[in-house]
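In what follows, a single structure is set out as structure tokens and then discussed.
The values are calculated or read from the model by the stated rules, or taken from the named source; none is laboratory data. Because the structure is a prediction, the values reported are computed rather than measured. Neighbour counts are summed over all protein chains in view; Cβ atoms, including those assigned to glycine, are modelled from backbone coordinates with ideal geometry.
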Amino acid sequence: MYLARVDPPWSFTAWREQARKALGAGIAPDQLSWGDANDGDLFGSELVDSLPVPARTPSVSAEFLGLAAGVIAHREPQRHALLYRLLWRLTHGEKRLLSDPIDADVHRARTLAKTIGRDLHKMKAFVRFRAVPGTTDDFVAWFEPEHHILDLVVPFFVRRFAGMRWAILTPYRSAVWDGDALAMGEGGLRSDAPAEDASETMWQTYYANIFNPARLNPRMMRQEMPQKYWKHLPETHRLPEMIRNAGVRVREMAERDAQAPAKPRMVERAIAATKQKKGSE
């Protein structure tokens, strides 16, 4: 038996190095166990790290590499073994494996990848930067992703907020952008980020004004914006109150006198010109 250790466990580069050595040595999936830096030798298993780097390994498609890069960020304990099993099969006669939607390994990998896609979407939508007290140009955001996605999503924030200095803190990892370079570091605590800043009132006022009680669907809203994220979003601090008062506001809207829509000024001028022409005839 062999033991492959992925450190850190969410690193696609680390997994790829271990998989390349194992594949080059011809180690079948059932002869390989996967762990992280905290795992010692498994019953005397030989470490994959001790194997030589192969001069060549079979090539795989960009589709598999993209799938693996997403799956590796999942917290599923068996994801490393799952990906190596797919890699072994792809390089041992099943070149079209990924096109089989009912294969158990393929289905599992794509399910994990979809979960990561949803987590990425939530992070892009719900991260809120807050100004560091005493500064005007430094911002910090706290976020608690479901999975290890920070390395995957941080290029989005670099592109979106390239002109400001910011840091994103999560429980397991952090990212700091100084306006020129990106640095990744260890995780932090919620208390390391500002609790609020001057923009809190602005966000709350804006959200209260665009909130439409007539279109309220709490179940769908919680699917798109899970309640666990509310505490980090300034615009949702007033949301419980707005939900409670939604029925009253809808009734008030229904009881208002109907008003004819205002006619565009161009239409009014055309009507006046037509009347004037008829009068002159």
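On the basis of being out of contact with any Leu (no Cβ under 7 Å at 6 or more places or on another chain), loosely packed, with under 13 Cβ neighbours inside 10 Å and under 25 Å from Thr111 (Cβ atoms), does Gly93 make the cut? Yes; evaluated as a whole, the condition is true for this residue. Within the bounds of the stretch 54-66, is there any residue that is assigned to a helix (DSSP H, G or I), in contact with a helix residue (DSSP H, G or I) (Cβ under 7 Å, 6 or more places away or on another chain), at pLDDT 95 or above and outside the structural domain of Gly187 (by TED's automatic domain parsing)? So far as the stretch 54-66 goes, yes, one or more of its residues are assigned to a helix (DSSP H, G or I), in contact with a helix residue (DSSP H, G or I) (Cβ under 7 Å, 6 or more places away or on another chain), at pLDDT 95 or above and outside the structural domain of Gly187 (by TED's automatic domain parsing).
Of all residues in the stretch 71-85, those that are under 14 Å from Asp151 (Cβ atoms) have Cβ atoms under 8 Å from Cβ atoms of residues that are assigned to a helix (DSSP H, G or I) and among the hydroxyl-bearing types (Ser, Thr, Tyr), 6 or more apart or on another chain, in His74/Thr115.
For the stretch 121-148, a residue qualifies if it is part of a strand (DSSP E or B) and among the small types (Gly, Ala, Ser), and the qualifying residues are Ala131, Ala141. Residues in the stretch 1-21 that are in contact (Cβ under 8 Å) with a residue 40 or more places away in the chain and more than 22 Å from Ile149 (Cβ to Cβ): Met1, Tyr2, Leu3, Ala4. Looking at the stretch 149-168, can you tell me whether even one residue there is part of a strand (DSSP E or B) and within 14 Å of the chain's Cα centre (by Cα)? Within the stretch 149-168, one or more residues are part of a strand (DSSP E or B) and within 14 Å of the chain's Cα centre (by Cα). If you go through the stretch 98-118 and pick out every residue that is surrounded by fewer than 20 Cβ atoms within 10 Å (Cβ to Cβ) and either touching a residue at least 24 places away in the same chain (Cβ under 8 Å) or small (Gly, Ala, Ser) (or both), you end up with 7.
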